[in-house]
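Take a look at the structure set out below.
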Amino acid sequence: MRGRVARATRVATRVACGVVLAGGWAGAGAQGNGIPDRPERIRFEDAPFEVPDPRPLRWELSNGVPVFVAADATVPLFSISLAVPVGDRLDPPDRVGLASLTAAMMRRGGAGDRDADAFDEAADYLGIEIDSLGGATRSGVILEGSSRVLEEALDLFADLVLQPRFEAARVERALENLRGSLATRNDDPLAVLDREWRALLWGRDDPRARVVLPAHLAAIDSAALAAFHRERWGPRGAVIAISGDVEAGKVVAALDRRLGRWEGSPAPAVTPAAPDAPEATAAESATEPAAGIWWFAHPSPQGKLMLGHEGDQRRSWDDPDAWALTVMAEVFGGAGAVSRVRSRLRAEESLVYRVRASYGLGAQEPGTFEVFLEVEPAAAVAAVRSVIDEIERLRREPVPDVELDLAKRSLIDVFPLLFDSPESVAGRFAEDALLGRPHAYWSQYRARTTAVTATDVRRAARRFLHPDRLRILWVGPEPAAKEWEVLGLGPPRPLPARDPATMQPLGSGRAEGS
Amino acid sequence: MTCVASRLVASGAALAGLLALASGARAVGSDDGPTAGASGVEELVLENGMRFLLVQRPGRPLVAAGWAVHAGSAAEEPGRTGVAHLIEHLLHGGSEVIGTRDYPRERALIEQREALEDERRAGAGGAELEPRIARVEERLRALRRKGEYALIYTEAGALGINAVTNHDLSYYTAMLPRSRLELWFWMESDRLLRPVFREIYDELEVVEEERAQRILSVPGGEARARFDARFWGEEHPYSWPAVGRAADLRGLRRADVEAFFGRYYTADRLTAVLVGDLDRERVGEWARRYFGRLSTGGAEAAAGAPEQASGGRRAPAEQVELTEACSCRPMVELRFATVPFAHRDAPVLDVIAGLLSGRTGRLHRRLVVERNLAFSASVRHEPQRRGGSFSLIAESGPTSDLAVLELALLAELERLRREPPNERELGKVKNQITTDASRQLSTPSGLAQRLLIYDALGDWRWLEEWPRVAQRVTVDDLERVLDAYLDPKRRAVLRLERGDVHGAWR
C-alpha cells in the first residue's frame, strides 16, 4: 500500500532537478501554468517527522500507576483508557472465558452505588461512551466524553474499575447469549481455521488454543466474576492514557483522588511461565510431527489456508535481529509495495483472492509466523509452493539493494502514523509502560531500520524462518492427496469435525492426526 | 452509498492506542454538529465558483482531503437512473494522462467501440458484431494502464481512497501524508478537467453486481426498495435507489455519462475540503492553480435540476402499507415524511429521535426490557436535500407478532405527547448531542466527510448551527413537531414477515 513512495520520490527528485536546471517550473510543465505534466514530476518536500518527547507527558498516581497525557484542546472532548495485564491466558482451564467475561461485565453489571440500570442511565445522561473489554493478554476500560462532564465521568470510571457489581441478572443474560453463539461456531470457515490452527500449533489444552465450552460457562456466575476481578485487577502493571481537552496536572490530580489509593493483588504474570526455547513448546505440546499438512472439511467453494510455524519471543528490545526481522517481514509479505509473496502470487492472480503474511515476534509470549491464503482449491498447491520458495530464498540469498531500500523506506514512511493523533501518542507511550518497551525504541526506529543490511536480513531469515517446521492447514473441500504430495510434506491428514457445543470429535472414522 | 469511511481514522487511532476497543456509535439522531464556531472552518472561493473549506489540525501527519459534487441520483432523469453512481465508478479509471499508454489512439478506439454499441443496440451488425466488439476491446485493453489512478496514490503513501454516491451528492476522499498533498491537487483536478470514461460497459456489470449485493442479497432488500418507492411516490427522485433501476442501468450509454458529467461536475457545483496540518499559503495557491482550470456551469446548470422548493413534503397520496416475506428477523417500520436538510424543525426531530433511541431510550426500555416484545428497537431520522423521513423500527422478539409491535411503537409516540420528557430526560438527550457534535469534529477524515456532505446538501454552516438549535429545543417544540410530522394517521408501514422468499438470497 503505502510502500512505493521511495521509488516515486526518488524519480520525482531526479526529474525535478533536471527540469529546474532547464529553466524552472513555470515554463517546464507541458501545461505551461506551473503544473507538471505528470504527477511523478511533482517535487515533494519531505517534512521530517519527530517522535514526540514522552517525558513531559508522563505522570504518576500515588500508587505508582503511570499516566500519559497528550492534551489537545482542538475539540472539547477527552478520552481515557486504562489497561491491565490481565487476559484470557489467565483463565483457569475449567473456566475458559472467565477473564473476558469479567472485563465485559464490569461495564454491564452496575458499579459503585448504582445498579446496572442506574449506571446505564448515568452514563447516558452525561452523554459519555464508557466500555470495558478483555483480550488475550490485556483488559481495559475506555471512556470518551465532553470535557464539560469530566468530573462526573471520572466518578463513573473509577466506580467501574474499583467496584463493579456484576449484577446477577445481567450476567445470566450474557451467559445465555454466549451459549447461543457457541452453537454456530462451526459456520464461519475463518473461525474454524483460527481455532484449528491454534490447536495445531500448540495443542488444544494450551492457553493460546483453548475454547469456551458450555461446561465452562456453567461454572461461571456473578460471584466468580467478582472474585476474578478482585484477584486479578490491580494497580500494579496497570497503565493509563489520557488525551484531548484536559489540563494534564488537573486531570491527573482528579484521577489520583479516585484511583490513587487503589490497592490490589500483585501484578500477575500475563501468561503462565513461558518456556525458554520456543522449540520446546512445539515439540512437547503436540503429538503431531513437526511439519505436515492437515485439512478440515468445510463446505465452502474456496478454501482458506494457513501456513507457518510457532515464532519466537523477543529477548530484548535492543535485539538487532528484531529490527532485521521487521525489514525481512516487509520484504516477504508486508503491507507496502514490496511483498514478494503478493507479487509472486499475482501470477495465480484470479485464483488467490487474498494473501496476508505476518511474523509476530511476541513481546510477552512467542508470536507466530503465518501466511494466510484464500485460494481456489485447484491453485492451492501452486500457491503454497510459491510461498515455500520465497521462504527458502530469503534464507539463501541476500535481498537486492533496491528491494531492501524500498522495504525500509516503506516502513519509515508509515512510521508517523503510529503517532498520528493525541490519542495514539498517549496510547503508544502507555503501551510502552505496559509492555516494558523503552520509549527510546521509537526515537531509534528510523536509524535502526535504516541500518539494516542484506546480511542482517538473511541472518534474521535463518534464525526466524524454519521450512522444516512448516505446518499447513487447509479448510475447504477435500484436497486431492496426489497433488499435495509434490510438496514433500506427506498427504493431507484429515482433522475431525467437532460438535460445536462440546468440541468433541464427531463420528469415529477419523481420529485426529491418524 | 453507506458512509464507511467515517470511522476509518477513529478506528485506526483506537488500534494504535492503548486498547483496540471498538466504541459503539450511538444512534442519537442522524445529524450532529459541533458547538459554536468550534469547527474552525476557513472558506475560500475560487473565481470559477468552486468552494474550498480548510481546517487546520496542526501536527497531524496525514491530511484528509476530498471534494463533493452537489448532485446525486436525484438529479438523474427518469429512465436514465444509475448514471450518477456509474460516474463515481468510472472516475476511478483516470484521465487523458492517467490510466492510458496513448490517449489519442485510445480516443479513436473508444469512438469505434461506441459506433459498434450503436449497432448492437439497434440489433444490427449480425453475427460479426460481437467478435468485432471483442477485437476493439482487446486493443483498448492493451492501451490502458488499469489501476494507475489508485497506484499513484498508494505509492505516495495515501490511504482511504473512497467515493460515495447518494440521492443528493457524490463525494471522493483520500488521506495523504502532508508533504505529498500537492499530488491530491494534481490527481483530482486532472480527472475533473479531462476525465476519460473507460470500460463503461464492463463497469455497468460491476455496478449491477453492486446493486445485487446491496438490494437483492440483503434479506428484505427488495421489499425495502419497493417501500422506498411507494413512500416517496413515483414522481419523486428519491423513489429510485441511488444505484439506479436495473432496467435503466442496462440502457445507459456513454452519451448519458458525458451529459450528466458535463452538466453537474462544474466548478460552481463542487466543494473541496482539506483537514490537517496545512501550509495555508501553498494550499491557496494550489487550489487556484489546479482547480482554477475548471469551468463554471452554463445557464442550463444554473437552472439546475428540478428541485422541489417546497418543504420537501411528500404528497400523502395514499396510505402506504407494504407487507412482505423475508428471510430475516420479522420487523416493522413506521415511516413519516418530515423536513429537508437544515430545516428549523430538523433538530427538534433529532431530539425526539434521541428520546426514543439508545440503550436507555424509551423504545428499548419499554419494548425490549419491560415488555419483552422486541429484539431491538431503533429510530432513524434522515433529512435529505429534497425531503426527510423519520422511522421507528422494531425487530420482533420470540413471542410477539407484528401487529402488537406496531401498536407498541405507536403507543410510544402517543406517550411522548402524554408524558413529555422532564428536564432530566431532555437534558440527557442534549448532553448526548453535545458529545456527538464534538465527535463529528474529532477526526480529520470524519470532519472532512461531514463538511462535504453538509455543504453538498445545502450549507456546511449547519454543522455549527445544528447543535445550537438543538440545545434550545423545548417541550412545546416537541409537541408542535409531533403534531406536524409524526401523526399516526399519516404513517407509512413496512412489515417484513418470516418466510421463504425467492430472490432474497439470489
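Read-outs: derived from the displayed coordinates by stated rules, not from any lab. It should be emphasised that the depicted structure is a prediction, and the values quoted were computed from it without experimental measurement. Neighbour counts run over all protein chains shown; Cβ positions are idealised from the backbone, glycine included.
For this structure, a couple of remarks:
- Summarised as an ellipsoid, region B:108-222 has semi-axes of 32, 23, 12 Å, derived from the eigenvalues of the Cα gyration tensor scaled by 5 and square-rooted, with the largest first.
- The relative contact order of region A:40-192, computed from alpha carbon pairs under 8 Å that lie at least 6 residues apart in sequence, is 23 percent.
- Count of lysine pairs in the protein assembly as shown with Cα separation under 30 Å (8 or more residues apart, or interchain): 7
- Surrounding net charge for residue B:199, when Lys and Arg each add one and Asp and Glu each subtract one, Cβ distance under 12 Å: +1
- Estimated FRET transfer efficiency when R0 is 60 angstrom, pair residue A:219-residue A:453 (beta carbons, to 0.05): 0.65
- The relative contact order of chain B, computed from alpha carbon pairs under 8 Å that lie at least 6 residues apart in sequence, is 27 percent.
- For region A:402-407, the Karplus equation 6.51 cos²θ - 1.76 cosθ + 1.60, evaluated at θ = phi - 60°, returns couplings of 4, 5, 4, 4, 4, 5 Hz by residue, with Gly and Pro reported as x.
- Zone residues, region B:69-97, relative to residue B:213, backbone N less than 19 Å from point 7 Å out along Cα-to-Cβ: B:82-93
- Its alpha carbons give region B:203-271 an Rg and a Dmax of 14.2, 40 Å.
- Available extension along the chain between residue B:92 and residue B:288 is 68.2 nm, counting 0.36 nm per residue and deducting the alpha carbon span.
- Loop-located GluC sites (Glu not before Pro) in region B:221-294, at most 15 other Cβ atoms within 10 Å (DSSP): B:234, B:235
- Paramagnetic reach from residue A:263 (point 7 Å along Cα→Cβ, amide N under 12 Å) across region A:223-247: none
- Summed residue charge, Cβ within 15 Å of residue A:484's Cβ, Lys/Arg positive, Asp/Glu negative: 0
- From least to most packed, judged by other beta carbons within 10 angstrom and beginning with the fewest, A:401, B:477 follow the order A:401, B:477.
- The mean number of Cβ atoms from other chains found within 10 Å of a Cβ in peptide B:428-440 is 6, as a whole number.
- Column: log10 I(q)/I(0), Debye, Cα scatterers of the protein assembly as shown, q = 0.10 Å⁻¹: -1.60
- Pairwise label distance in nanometres, residue A:50 with residue B:476, each label 7 Å out on the Cα-Cβ vector: 5.7
- Note on residue A:115/residue B:112: beta-carbon distance plugged into 1/(1 + (r/R0)^6) with R0 of 56 Å gives a FRET efficiency of 0.15.
- The calculated 222 nm mean residue ellipticity attributable to helices in chain A amounts to -12500 deg cm²/dmol, summing -39500 (n - 2.57) over DSSP H runs of n ≥ 4 and dividing by all residues.
- Ordering B:266, B:296, B:443, B:323 from the fewest to the most neighbouring beta carbons within 10 Å gives B:323, B:296, B:266, B:443.
- The mean sequence separation of alpha-carbon pairs under 8 Å and at least six residues apart, normalised by the residue count of chain A, gives a relative contact order of 20 percent.
- Exposure proxy ranking for B:76, A:392, A:370, based on other Cβ atoms within 10 angstrom of each Cβ and starting from the fewest, stands as A:392, A:370, B:76.
- Theoretical FRET efficiency, 1/(1+(r/R0)^6), r = Cβ-Cβ of residue A:205 and residue B:47, R0 60 Å, to 0.05: 0.25
- Per-residue [θ]222 nm for chain B (sum of -39500 (n - 2.57) over DSSP H runs n ≥ 4, rounded to 500): -12500 deg cm²/dmol
- A cut-off under 15 angstrom between Cβ atoms defines the neighbours of residue A:109, and their net charge, with Lys, Arg +1 and Asp, Glu -1, is -3.
- More than 21 angstrom apart: percent of Cα pairs within region A:392-514: 66
- For q = 0.22, 0.26 Å⁻¹, Debye-computed log10 I/I(0) when each Cα of region A:53-131 counts as one equal scatterer: -1.11, -1.14
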